[in-house]
Structures are given as structure tokens and as C-alpha cells.
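Since the structure comes first, as C-alpha cells, the remarks are kept for the end.
The values are calculated or read from the model by the stated rules, or taken from the named source; none is laboratory data. Keep in mind that what you see is a predicted model, and the values were worked out from it rather than measured. When we count neighbours, we look across all protein chains shown, and the Cβ atoms used for this are built from the backbone with ideal geometry, even at glycine. Just the protein is used for accessible areas: all its heavy atoms, side chains included, with ligands, DNA and RNA removed. Shrake-Rupley method; radii C 1.70, N 1.55, O 1.52, S 1.80 Å.
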Amino acid sequence: MAKKKKLYKPETGNDEPDLTPMIDVIFLLIIFFLIAGRMIQAGRPEIDVPIAEQSMKAGNDDLRTEFTIDSQGNLYHMDRAIGSVFDTSNLKDIVQNKRSQPGGEKLKIYLRVDSMATYADVKKVMGACAEKGQTKILFAAYSADPGGS
Amino acid sequence: MPAPVLEEDSVDLTPMIDVVFLLLIFFMVTMRIVQEETEILVPLPSKAESSEPPEIPPQNVRIEIDAFGQVTADGLPRDNPNARNMPELTSHLLQQGQFGAKSEVKIIINIKPNGEARHKYTMYVLNALTKANKELEKMGTPPEKLLTQILFE
């Protein structure tokens, strides 16, 4: 007599769904948001850049350095505070140093200015750049409203 | 003697899942989507450019911005301060650019914002200038005839 084939029979008795993959995914999401949030904090000073629809995508091939003016007139080089617009000596030193490097004549200043900063503040920085022979200035903008309105 | 009732050893995961979901919702709500920044090039006049006086005197387009953001171009108020696209100013600059392209006259854009004017209003003017230049480029205006001579007062 032929041996009766044993059919697969799912185990019964444990009806609870396996939550492990869901917990894995949720932990991964939390780690993502934690790291992304930290990256935003550690980066450049947070300011409200004005909107200019005709602005172009920022290039990264040129020799450039970045300054930020916040709404209070504080001045930053990259993520480091370097005083205020009333004392641009640090800014002038940085520009001079960058311009003295090979290819320094092609330097572009990427100026991030808060939309509520006054023209008087911007003028001081532009004047300091011009004093060091820096004529190419790029103003940071958003090409569309970040709020979507 | 009766055998002791064996309790199930599995850990109850429900409170942990509750906490984890709360954390996830917190991070999702507080996180701001970072938008990529773009740029507008402003070439400032160099000393070398201003050393030689031009043969034909240049024509100035004088743009003033008051403390409240009202823009005046060549003596006439243009656009509402909240009109980010500045259609009237763009149209005026386009006209001036076309005139400059047809004639030998160099057009200099003279921007004079009030010291108290917010930076966003200067950017609106630069945006209008960029738009006018793009239109001029589309019309076949050579690059040297575009409105690229900008003076800030």
C-alpha cells in the first residue's frame, strides 16, 4: 500500500500577526527623521530667503564662498558667526584670503540675506566686498514659495 | 497536587508601539521640508570698467525703492509693493532694453533702495530685471546689449 502523502498544514493556535517588520520600519523612519532634523540644525543659519521666480539653480562648480545676513544684521560665514554688518573686518579678511588663492579672481560671493533685512545692511556687505575687488555677488532666493501659496 | 498554571512568556508590545507611533508622528509634524535655494547674479561695477569714459553717454534707468517697498522707475510709480512679479517694471525695463539694443546707447540700471527698505523688495526688482533680460535674449538681443550694467546707490 502506497504511503499517504503528508500535506502541508499551517500551524494553528497563534493567530496574532507578526509585528516585527512593522516595528523595524517604524524605527527606521524615526532614525531617518532624527538624522534629517539634526542635519538641518547643523547646517547654515536659518533665515527666510526672499522669493524670486527668475532665479537660477545654484551651481557648484565655481569657486564660491557663502555669507549670511540675518534679519538682525548678524553676519555669518558658512555656519560660523563673524560679527555684524557694522564690523565687516572679518568678512574682508575672508574675501581677501579667498581671492589670494589660485583662481581667486573667479571667486563668487553667495550672499544669503533674510527677506526682512534692510538694504542698509546689505549695502555695507556689498561695499566691503567691492572694497576687496569682489564684483560677482549671487543673491540667494527661492524660485517658488516654500509654503506653496 | 495540582500542576501550576504556566503563563505565557511573550512580551506585550502594545505600549512600545504606542510610544514609537507617537515619536514618529512628532518627528513628521515638526520636520520642515527644506527647499533648495536658487540664485540671482548681480555683477557689481569694477574700477576697471569705470576708468574709461564711454564715447556715447549712457542712459540711466533710475529705479528707486522706498521704505515701504514702493518702486518708482524713471519718476513713475510701478506696481504694488506686494506684486512680486512686478509686471509694470518688467515691461518698462523691456522697453528700455529694446531701445538699447536698437541704438548704440548703453543702458545702466541704477537701483537706489531706501536704507530701510526690506531686502525682498530689492530682490523683486532684480527678479523683474532678470525676467526682462530673458525676454530680450528670446528676441535675439546679443549678450553685450542685455541690461547687465547695474549700479547700486
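Assorted remarks:
- Tabulated pairs, region B:101-112, first over 13 Å from B:ALA132 (Cβ atoms), second hydrophobic (A, V, I, L, M, F, W, C) and assigned to a loop (DSSP other than H, G, I, E, B), C-beta under 9 angstrom, 6+ apart or interchain: B:SER103/B:ILE56; B:GLU104/B:ILE56; B:VAL105/B:ILE56; B:LYS106/B:ILE56; B:ILE108/B:LEU147
- Cβ pairs under 6 Å, 6+ apart, first in region A:99-127 and within 18 Å of A:TYR142 (Cα to Cα) and touching a residue at least 60 places away in the same chain (Cβ under 8 Å), second open to solvent by 10 Å² or more (accessible area, probe 1.4 Å) and part of a strand (DSSP E or B): A:MET116/B:ARG118
- Candidate set: region B:65-99, residues that are aliphatic (A, V, I, L, M) and in contact with a His (Cβ under 9 Å, 6 or more places away or on another chain); chosen: the one most open to solvent (accessible area, probe 1.4 Å): B:LEU76
- In region A:82-97, the residues that are closer than 21 Å to A:LEU63 by Cα form Cβ pairs under 7 Å with partners that are among the hydroxyl-bearing types (Ser, Thr, Tyr), at six or more places apart or across chains, as follows: A:ILE82/A:TYR76; A:ILE94/A:THR65.
- Residue match in region B:82-98 (condition: away from every other protein chain (no Cβ under 12 Å) and at positive phi): no
Let's see how each residue does on (1) within 21 Å of A:GLN54 (Cα to Cα); (2) of a type in the set (A, V, I, L, M); (3) open to solvent by 40 Å² or more (accessible area, probe 1.4 Å); (4) more than 7 Å from chain B (Cβ to nearest Cβ):
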residue	(1), (2), (3), (4)
A:VAL95	no, yes, no, yes
A:LYS106	no, no, yes, yes
A:SER115	yes, no, no, no
A:ASP121	no, no, no, yes
A:MET126	no, yes, no, no
A:ALA130	no, yes, yes, no
A:LYS136	yes, no, yes, no
A:ALA141	yes, yes, no, no
A:ALA144	yes, yes, yes, yes
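- In region B:133-148, the residue that is surrounded by the fewest Cβ atoms within 10 Å (Cβ to Cβ) out of those that are touching a helix residue (DSSP H, G or I) at 6+ places or on another chain (Cβ under 6 Å) and of a type in the set (D, E, K, R) is B:GLU135.
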